[in-house]
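To start, the structure itself, in structure tokens.
Each value in this text was obtained by applying a stated rule to the coordinates, not by laboratory testing. Since we're looking at a predicted model, the values are computed, not measured. Cβ placement follows ideal geometry from the backbone for every residue including glycine, while neighbour counts extend to all protein chains displayed.
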Amino acid sequence: MGTTNDSMTNPSGKNKWSLRWQMAVAAALATLLLSASSWFIIVSTETRFYLQQLESQIKLSVDTLESSIIEAVIAEDSALLNSIQQQLVSHTDAINTLTITNEDDVVLLSWQSTNSTDHKNAHHYTRHINYAGELFGKLTIILDHDKHSQEIKTHARNASLITLALLSILSLINIGAVRILALRPLKVINNRLLHHAHGSGAATLPNYASREFQELNKTVDLLEKLTTSRKKLQEEIEQRKLAQQESARARDEALLASQHKSQFLASMSHELRTPLNAIIGYSEIMLEDNKVLISDSLVDDVYKIHRSGNLLLQLINNLLDLSKIEAGRMETNYQSTPLLPILHEVVENVQYIMNKNNNRLETHYNLSNDTIETDATKLKQILLNLLSNAGKFTKNGTISFRVDLGNHTRDRITFCIEDNGIGMDKRQLQEIFKPYTQADRHTADRFGGTGLGLAVALRLANLLNGRIDVTSSTGKGSTFTLVLRL
């Protein structure tokens, strides 16, 4: 029979004996032990049985001669005693010594076999001689079963040898069966594990393998599947890590480019606003002194220049403010600010857009206090963007501008702008606060604009510790609510 795989039998490198040889040694030791035990059991059992039979035979002979023995002991008749001795000895050749004494332990008869030696296997048999309830003497017989003992040992040895041969055959059969039924399946499973670890194929489990090995083989199958899944998962993790690294690199590059853009636009604030303010300022002077500086035919043109300049200034302000916010350069200037002047200025500035689309602006102010702590410039810009947005997307409608700073809301102020314009659906609501994004392309083509107003308004509201809530329904209008914490 071949040897088993070393990696299966000697995984730690300490034990050089294969499982088959370990089982062979164990079987040999067990066979020897069982043979020795069987020899001892046979010898002791047959010896005890022989002695019991011999003692029964002596007892039967003594019982038969009991009356003659009593008579010879009482009469101390030596001839009768010799006759009794001859009869007892004639029954068995195992009697080595025979002694009869009276009640005073005086030896009346002493006989010893001519073949008497110092036997180790002597057995004593003693019988008291009683008559009418009185002790008259004692019969002592020493039995020697050396000869029979040798026969018993010879028989036990033969039986032990037969037992040893049978057990050896059974052990060899058992080892062969274990090799076929256990070691071969184990070797196949071990090879499968080794070959799987090295990424190669392996033999299949024999069909005669027991149910336990079939279950173990299924466990190996599951282990292979888990290992394959783990490798695939590791590959996916590595791919995702690479993708995340690429994504992070692209994001960092985009953020850096956006930051550079925002820094550039923020730094260009003065250069863009200065000439534009000059144009607006000169147009205002010309309108105030139109009789001196310009003719009546040019007044409308100057108004258009003034309005266009203001719209361009608002657009530039939104663009620059968004760039400042993205670059982290936007600062807030909180101070005590009267509310009504801000509200009147905002309403006046958006009136042109309202009139352009034939809208009516309604104002409702509930102010328990006319002064709040805020950044006035940023608050005006938020309200201008929200009101301008409502006026642009509403035609021939009504826009309601409500401000609530009542006694029950002293910890916050609410600006609500409600229109009955084109409205928006749920998908469009998710896009309106993204920079450079409008509700959809059709809306952008129809109404124009850059998509910056609401994005800037939301970010400025967050800077002022506030939020903008919006509800809308397509075809029914929209409601924007600015809530500032005070």
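Numbers for the structure displayed
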| item | result |
| --- | --- |
| Set K426/K476; K395/K476; K304/K392; K324/K392 screened for pairs whose C-alpha atoms are more than 21 Å apart | K324/K392 |
| S83-Q22 FRET efficiency (beta carbon distance; Förster radius 51 Å; 0.05 resolution) | 0.15 |
| Residue order, fewest to most surrounding Cβ atoms within 10 angstrom, among D77, D419 | D77, D419 |
| Proxy reagent accessibility, fewest Cβ within 10 Å first, across S258, S472, S56 | S56, S258, S472 |
| Spin-label pair Q239/E348, simplified geometry with 7 Å Cα→Cβ offset, distance in nm | 6.5 nm |
| Relative packing of peptides 452-463, 337-348 - highest average C-beta neighbours within 10 Å first | 452-463, 337-348 |
| Residue order, fewest to most surrounding Cβ atoms within 10 angstrom, among Y50, Y334 | Y334, Y50 |
| Extension reserve of the N355-K225 stretch, reckoned as 0.36 nm per residue once the Cα distance is removed | 39.4 nm |
| Average projection area in nm² (convex hull over Cα atoms of segment 212-256, one quarter of hull surface) | 2.8 nm² |
